[in-house]
1. With the requirement that a residue be surrounded by 14 or more Cβ atoms within 10 Å (Cβ to Cβ), over 14 Å from G106 (Cα atoms) and in contact with a Pro (Cβ under 6 Å, 6 or more places away or on another chain), what does the stretch 160-177 give you?
2. Going through the stretch 1-56 one residue at a time, which ones are at pLDDT below 80 and charged (D, E, K, R)?
3. Kindly evaluate V189 against the criterion of being within 24 Å of K35 (Cβ to Cβ) and among the β-branched types (V, I, T).
4. Going by what's in this entry, would R101 be described as more than 17 Å from the chain's Cα centre (by Cα) and basic (K, R)?
5. Can you pull out every residue in the stretch 168-207 that is more than 23 Å from K77 (Cβ to Cβ) and assigned to a strand (DSSP E or B)?
6. Checking G147 against (1) within 20 Å of T96 (Cα to Cα); (2) out of contact with any Ser or Thr (no Cβ under 8 Å at 6 or more places or on another chain); (3) modelled with pLDDT of 90 or more, which test does it fail?
7. Checking the structure you have, find out if any residue of the stretch 204-224 is farther than 24 Å from D20 by Cα and either among the charged types (D, E, K, R) or not assigned by TED's automatic domain parsing to the domain that holds F108 (or both).
8. Any residue in the stretch 124-150 that is touching a residue at least 40 places away in the same chain (Cβ under 8 Å) and in the same structural domain as G90 (by TED's automatic domain parsing) sitting within a Cβ distance under 6 Å of a residue that is among the polar types (S, T, N, Q) and surrounded by 12 or more Cβ atoms within 10 Å (Cβ to Cβ)? List the pairs, counting only those 6 or more apart or interchain.
Amino acid sequence: MNNALMVGLTRQMVLRRQMDITANNIANMSTAGFKVEKLLLRNVTSGPATAMGGAAKINFVQDTGVTRRFSDGQLDKTGRALDLAIRGPGFFVIETPNGERYTRDGRFAVNDVGILSTSDGMAVLDDGGAQITLDVNSEAPVITKEGSVQVGGLEVARLDIANFENLSSLKKVGEGRFKAPANAAVQAVENPVVMQHFLERSNVVGIVEMSRMIQTTRAYQSVSNMLSKAETLSERTIQRLGTVR
């Protein structure tokens, strides 16, 4: 394989990965709490595929991972007492069979036994790490901006709003949730802003992602055309060399 083909194929691999990420962003434009993702790239220097008196080294781009932008999404007013959103830094803390997870998706409900839960039944935790229990027959709770859960004017719990110094260390585990590494220091948000009756939309900007998809598609087509021409040129060169006597 010559240098042009090697560089072109690595470029196509990166563009395919970019297209997958962009398509995922667009698909989650209406997902509560979703954070837009972006491909991380780096320049890699390698020896040439063929020497033949050509360049000593070649450079190409390689993807190294995915990063996320944790800026706030737009708030949608729903009117539901257990729809919650966070303004500024922080995550709701939930209990799962695999340990604590962190989310910005505040679509909560009270299950049959009175535990404040996510839409798929995972318990929401208070600032002491305990499940929050509410009387299913009582009035709807009032949740203050500080995260205090109150029923009849009395505080029954306080939401745990956690944050991390290095957000890039969080690993996405599906369902709009993140897992913190074992050595991550969980920080309590001192002055959280919790909005009751609201949900946070994703922070995906549709026009930006659509433009990126178009650019990626065009770039992929351009590389494909280049590879096709390079392959044709190689075939013609081999044919001509075969006729030389």
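The values are calculated or read from the model by the stated rules, or taken from the named source; none is laboratory data. Not measured: the values here are computed from a predicted model. Every residue, glycine among them, receives a Cβ derived from its backbone with ideal geometry; neighbour counts consider all protein chains shown.
1. Correct list: N163 only.
2. R42
3. For V189, the condition - within 24 Å of K35 (Cβ to Cβ) and among the β-branched types (V, I, T) - is met.
4. no
5. K171, K172, V173, G174, R177, F178, K179, Q187, A188, listed by residue number.
6. Every condition holds for G147 apart from (1).
7. no
8. Matching pairs, first to second residue: V142/Q150; I143/Q196.
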